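Presented below is the structure to which this report refers.
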Amino acid sequence: ETQACLIDIVGMTCMSCVRNIESNITGTPGIVNIKVSLEKNNALVQYDPSVTSPKDIADKIDSMGFEAKVSA
Ligand code: 9UX
């Protein structure tokens with residue numbers, strides 16, 4: 001069963017940031033789909049909760065140099 005989560009991201013300034021995050025997270029086990037919005041400063045992620053978690057996904061984006069956290 002796939003679930004969806006929203007990750008708030010601070011620090012994206014251009015569409016290359018969007019593409020970098022999308023391509024990096026797309027290659028992660030358990031990720032079904034990711035759509036990053038530069039305008040909304042967030043990412044909508046579909047994932048398999050038996051493989052990964054919103055916290056894991058936010059941590060990975062954070063480690064790319066952005067400030068990312070699971071949306072409240
Ligand atoms: Mo844009 Mo983002 O020039 O990590 S790629 S700032």
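Helical content alone sets the calculated 222 nm signal of the chain at -9000 deg cm²/dmol, taking -39,500 (n - 2.57) per DSSP H segment of four or more residues and averaging over every residue. Projected over every direction and averaged, the convex hull enclosing the alpha-carbon atoms of the chain yields 4.1 nm².
Here the chain is treated with +1 on each Lys and Arg Cβ and -1 on each Asp and Glu Cβ, and its dipole about the Cα centre works out to around 120 debye.
Read-outs throughout are calculated quantities, based only on the coordinates presented, and are distinct from any laboratory measurement. Here the structure is a predicted model, which means the values were calculated and not measured. Cβ atoms come from the backbone with ideal geometry, glycine included; neighbour counts cover every protein chain shown.
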